[in-house]
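Asker: First, the structure itself, so that you have it in front of you.
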Amino acid sequence: MLDYSVKLTRRPYAVNEDDIQSLRDVGFDDTGILDICQVVSYFNYVNRLADGLGVELEGFWSGEDLTMTREEFDQIVASREEGGSAP
């Protein structure tokens, strides 16, 4: 799914039936594939629209607020797998 998403984002002209078949091979049905394509396409559209209009993040957002370390991510995943809530 992630390989398909990256390809759709970076090289949409190169997406072909083999990419769709790869998604089917790992268990996605046509509805799931459509959902993946729509979500990726929507976020690509919104980001391009914002970039094209020069939209900037509001002042209270910073690069640090938008990132997490691998360790933080792993802790969140582990907490959810144990039935806890994310920090």
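Values in this text are rule-based calculations from the coordinates and carry no lab data. All figures in this text were calculated on a predicted structure; none of them were measured in a lab. Virtual Cβ from ideal backbone geometry, glycine too; neighbours counted across all protein chains shown.
Asker: Going by how many other beta carbons lie within 10 Å of each one, how would you line up 9, 69, fewest first?
Answerer: Listed from fewest to most nearby Cβ atoms, that is 69, 9.
Asker: Within the stretch 40-56, find all residues whose amide N lies under 14 Å from a label point positioned 7 Å from the Cα of residue 15 along Cα-to-beta-carbon.
Answerer: Only 40-46 pass the distance filter.
Asker: At 0.36 nm per residue, and after removing the present C-alpha to C-alpha distance, how many nm does the segment from residue 1 to residue 31 gain when stretched out fully?
Answerer: 9.4 nm
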